[in-house]
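Encoded as structure tokens, the structure appears first; notes follow it.
The values are calculated or read from the model by the stated rules, or taken from the named source; none is laboratory data. All of these numbers come straight from a predicted model, not from anything done at the bench. Note that each Cβ is placed from the backbone with ideal geometry, even for glycine, and that neighbours are counted across all protein chains shown. Protein only, heavy atoms only, side chains kept; ligands, DNA and RNA dropped before computing areas. Shrake-Rupley method; radii C 1.70, N 1.55, O 1.52, S 1.80 Å.
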Amino acid sequence: MEPRNLLFSPSMLGGDFSRAAFEIGEIVSSGADYVHLDVMDGSFVPEITFGRKFISDLRPLTDLVFDVHLMVERPEEKIGAFASAGAGIITVHAESTDHIVRCLSMIREAGCESGIAINPGTSVSFIEAALPFADYVTVMTVNPGWGGQRFIPECISKVEELDRRRKDEGWQFLIEADGGVSLDTIGPLYKAGMDIAVTGTAFFREDDKADFLERMREKAEEWL
Ligand code: DX5
Ligand code: ZN
């Protein structure tokens, strides 16, 4: 089978925030496609990471698209701020708002691409009606809130289901997997239909990050 495109979105959460500019450089020189930025508010998830200023300060350092993952309550109140901070993609959690379609429309109106994320305990059917409004769907393969957690293999079937549904309906969204993605787990995710791999801990522990992404791609393609 002809390999499909596979994109990488390394997560800054796996890096050292005290040298954030250096870490962005590492992501750029690895040949990655996006920079994944995890915004946590201490309410939707227990941890607090960073907000719009951190993102707008990083913005001039690269042309790569900023893939901003909002793990916050009431995301509809924050979309404008993150769009003007330089996000290219803004992803909101289906569990964090009663107004997911309104959020997705607001994201597009703000000039960004729209993403929906679902927790391990949330089914694809829960977001079915919102799928036509999404440019990206992120399947969380760990419980959101921390880097370095163990991959939850039961989530792979949701990637498969999303891939099947988009083919049936002609929807164009890309499927991202986030959490515990490594050389050990990328194969079945890619086989299931994942287009974008988020990788934090596995990426930043490598010395040669370009070589790591190459090995990730080879490992994925072995599963086709
Ligand atoms: C977790 C975050 C992830 C995290 C992934 O809530 O959404 O993006 O950085 O990190 P690893 O690859 O370490 O699981
Ligand atoms: Zn994330």
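How many of the residues making up region 196-224 are within 16 Å of ligand 2 (Cβ to nearest atom) and open to solvent by less than 20 Å² (accessible area, probe 1.4 Å)?
7
Taken over region 123-141, the criterion of being within 14 Å of ligand 1 (Cβ to nearest atom) and open to solvent by 10 Å² or more (accessible area, probe 1.4 Å) is satisfied by Tyr136 alone. So, Asp67, is that one of a type in the set (Asp, Glu) and over 30 Å from Asp184 (Cβ atoms) or not? Spelling it out, it is not the case that Asp67 is of a type in the set (Asp, Glu) and over 30 Å from Asp184 (Cβ atoms). Considering region 5-25, the residues that are of a type outside the set (Gly, Ala, Ser) and under 24 Å from Glu221 (Cβ atoms) include one that is modelled with the lowest pLDDT, namely Asn5. If the condition is being in contact with a strand residue (DSSP E or B) (Cβ under 7 Å, 6 or more places away or on another chain) and at positive phi, then region 177-201 contributes Gly179, Gly193. For region 25-71: of the residues being surrounded by fewer than 18 Cβ atoms within 10 Å (Cβ to Cβ) and small (Gly, Ala, Ser), which is farthest from Met12 (Cα to Cα)? Result: Ser43.
Quick grid of which residues meet (1) touching a residue at least 40 places away in the same chain (Cβ under 8 Å); (2) closer than 14 Å to Gly200 by Cβ:
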| residue | (1), (2) |
| --- | --- |
| Phe8 | yes, yes |
| Ser30 | yes, yes |
| Asp41 | no, no |
| Leu70 | no, no |
| Glu76 | no, no |
| Ser84 | no, no |
| His93 | yes, no |
| Ile107 | no, no |
